[in-house]
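Accompanying notes for the structure given below.
The values are calculated or read from the model by the stated rules, or taken from the named source; none is laboratory data. It should be emphasised that the depicted structure is a prediction, and the values quoted were computed from it without experimental measurement. Every residue, glycine as well, gets a Cβ built from its backbone with ideal geometry; the counts of neighbours run over all protein chains shown.
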Amino acid sequence: MSVVFEKTQLLTDKQFHYCPGCNHGIIHRLVAESIDELVKEGKLEAGNIVGVAPVGCSVFAYDYFNCDMFEAAHGRAPAVATGIKRAKPDTLVFTYQGDGDLASIGTAEVVHAAHRGEKIVTIFVNNAIYGMTGGQMAPTTLVGQKTTTSPYGRDEAWCGAPIKMSEMLSEVPGSYYIERCAVNNNANILKTKRAIKKAMQYQLEGKGFCMIEVLSTCPTNWGLNPVEAMKWLEENMIPYYPLGVYKDKGAEQK
Amino acid sequence: MVKVTINEIVCKGCGLCVRACPKSVLALSKTKLNAKGYHPAEVAVPEACIGCASCARTCPDVAIRIEKE
Ligand SMILES: Cc1ncc(C[n+]2csc(CCOP(=O)(O)OP(=O)(O)O)c2C)c(N)n1
Ligand code: SF4
Ligand code: SF4
Ligand code: SF4
Ligand SMILES: [Mg+2]
């Protein structure tokens, strides 16, 4: 018997605390597998990896990744990652952040990290809601989407339009590679993994700020079962947040 | 021959693997409950499996292992 698929060693044995069907677990695995492959390819030393976990449902990410982890205050992961990367330039440094974390309370940190061209990788998990705190409206919540703080649906006249971070950060001169992905089907899962690995490879080559935005479900706070939530993401999130490469300075040079 | 093993302790019965399988190999158990209180996924039609690993790639709890003869 040969193994076609097994759990990567870059994930610990700890069981995820996420709700059934929550896409955070899929995204964790893709991050872990990308690091694992870079180590196996001899491009990275196993002891030379630091992840920065956020505040949000993925606050316990430090328990799940089999590498050094740092827990940042809400939204501050890019600032913490900046310090780590500048102090230890040979280390692979990534942040893992939700939309409340990155696009709301931590907007300043990520915008300035991108502006400074910090050599870090940011994994931005956009589920259009504050998951951990009980489903409040986030800056990324879609127009018309019902949350506990927008019970009649988000009103654009009152709250503005949902914020598009990939589009915004691709306009910043210091950013190097920005792609928006989703993990709603097999092909997109494979694409997301390629994007995450490419971003990490760019960092190892000393390039600038890279962010992979991954559209994600929150079945619990969307009030849908996991399969319905995937469908809702496909029908509502992907049309507003188009998938694709927003910036790739590496590809422009070729 | 392909062998799909589902870790029933870890599985949360989310059904995403059932949705992802192109050959309708998997189903959520109608009789079993695991310690977490979920109906775990089962390999209902093993002979139809083509070993594509779509189920394993979509599983948010990394509960699926796939081997091939
Ligand atoms: C300084 C501070 N303000 C507010 C909070 C409360 N809080 C915890 S998680 C969270 C939002 C998390 O949402 P998101 O980043 O989208 O992550 P998700 O849970 O959706 O994955 C908030 C507002 C906090 N912990 N610290
Ligand atoms: S509340 Fe939402 S984001 Fe948080 S673990 Fe549950 S499904 Fe995932
Ligand atoms: S390996 Fe492919 S065919 Fe086999 S159960 Fe999984 S998804 Fe279905
Ligand atoms: S995707 Fe994973 S957790 Fe969900 S039902 Fe299938 S095996 Fe269980
Ligand atoms: Mg969120």
Got at least one residue in region A:163-183 being within 14 Å of chain B (Cβ to nearest Cβ), among the aliphatic types (A, V, I, L, M), in a helix (DSSP H, G or I) and surrounded by fewer than 23 Cβ atoms within 10 Å (Cβ to Cβ)?
no
The condition from (1) at negative phi; (2) assigned to a loop (DSSP other than H, G, I, E, B); (3) within 11 Å of ligand 3 (Cβ to nearest atom) that B:Leu33 misses is numbered (3)
Considering only residues of region A:211-254 that are part of a loop (DSSP other than H, G, I, E, B) and within 16 Å of ligand 2 (Cβ to nearest atom), which is farthest from the other protein chains (Cβ to nearest Cβ)?
A:Gly223
Please work out which residue is farthest from the other protein chains (Cβ to nearest Cβ), limiting yourself to region B:59-69 and to residues that are closer than 22 Å to A:Tyr64 by Cβ and assigned to a strand (DSSP E or B).
B:Ile64
Out of A:Ala73, A:Ala46, which single residue is under 30 Å from A:Thr147 (Cα atoms), away from ligand 5 (no atom under 16 Å from the Cβ) and either assigned to a loop (DSSP other than H, G, I, E, B) or among the acidic types (Asp, Glu) (or both)?
A:Ala73
Are any of the residues in region A:57-66 within 14 Å of chain B (Cβ to nearest Cβ), in a loop (DSSP other than H, G, I, E, B), more than 30 Å from A:Gly160 (Cα to Cα) and away from ligand 1 (no atom under 14 Å from the Cβ)?
yes
Hey, A:Lys14 of a type in the set (Lys, Arg), part of a helix (DSSP H, G or I) and either in contact with a strand residue (DSSP E or B) (Cβ under 7 Å, 6 or more places away or on another chain) or within 30 Å of B:Arg65 (Cα to Cα) (or both) or not:
no
Only listed residue being over 20 Å from A:Ala103 (Cα atoms), of a type outside the set (S, T, N, Q) and either touching a Cys at 6+ places or on another chain (Cβ under 8 Å) or at pLDDT below 95 (or both), chosen from A:Ala187, A:Ala229:
A:Ala229
Which of (1) assigned to a loop (DSSP other than H, G, I, E, B); (2) without any contact (Cβ under 8 Å) to a residue 12 or more places away in the chain does A:Asp90 not meet, given it meets every other one?
(2)
For A:Lys146, state whether it is closer than 14 Å to A:Glu213 by Cα and of a type in the set (Lys, Arg).
no
If we keep just the residues of region A:129-139 that are in a loop (DSSP other than H, G, I, E, B) and without any contact (Cβ under 8 Å) to a residue 60 or more places away in the chain, which is nearest to ligand 3 (Cβ to nearest atom)?
A:Ala138
Going through region B:1-58 one residue at a time, which ones are more than 9 Å from chain A (Cβ to nearest Cβ), in contact with a helix residue (DSSP H, G or I) (Cβ under 8 Å, 6 or more places away or on another chain), free of Cβ contacts under 8 Å to residues at least 40 places away in the same chain and near ligand 4 (Cβ under 8 Å from one of its atoms)?
B:Leu26, B:Leu28, B:Ala41
Testing B:Pro60 on (1) touching a Phe, Trp or Tyr at 6+ places or on another chain (Cβ under 7 Å); (2) away from ligand 5 (no atom under 16 Å from the Cβ), one condition comes back false. Which one is that?
(2)
Under 6 Å by Cβ, and 6 or more places apart or on different chains, what pairs join a residue from region A:9-36 that is more than 9 Å from chain B (Cβ to nearest Cβ) and without any contact (Cβ under 8 Å) to a residue 24 or more places away in the chain with one that is part of a helix (DSSP H, G or I) and surrounded by fewer than 22 Cβ atoms within 10 Å (Cβ to Cβ)?
none
Only one residue in A:Thr217, A:Thr192 is among the β-branched types (Val, Ile, Thr), closer than 18 Å to A:Asp99 by Cα, buried (at least 20 other Cβ atoms within 10 Å of the Cβ) and more than 16 Å from ligand 5 (Cβ to nearest atom). Which one?
A:Thr192
Go through (1) acidic (Asp, Glu); (2) within 15 Å of ligand 2 (Cβ to nearest atom); (3) in contact with a Pro (Cβ under 9 Å, 6 or more places away or on another chain) and name the single condition A:Asp63 misses.
(3)
Taking the options A:Thr141, A:Thr122, A:Thr95, A:Thr133, name whichever one is of a type in the set (Ser, Thr, Tyr), crowded, with 20+ Cβ neighbours inside 10 Å, within 14 Å of ligand 2 (Cβ to nearest atom) and more than 14 Å from chain B (Cβ to nearest Cβ).
A:Thr141
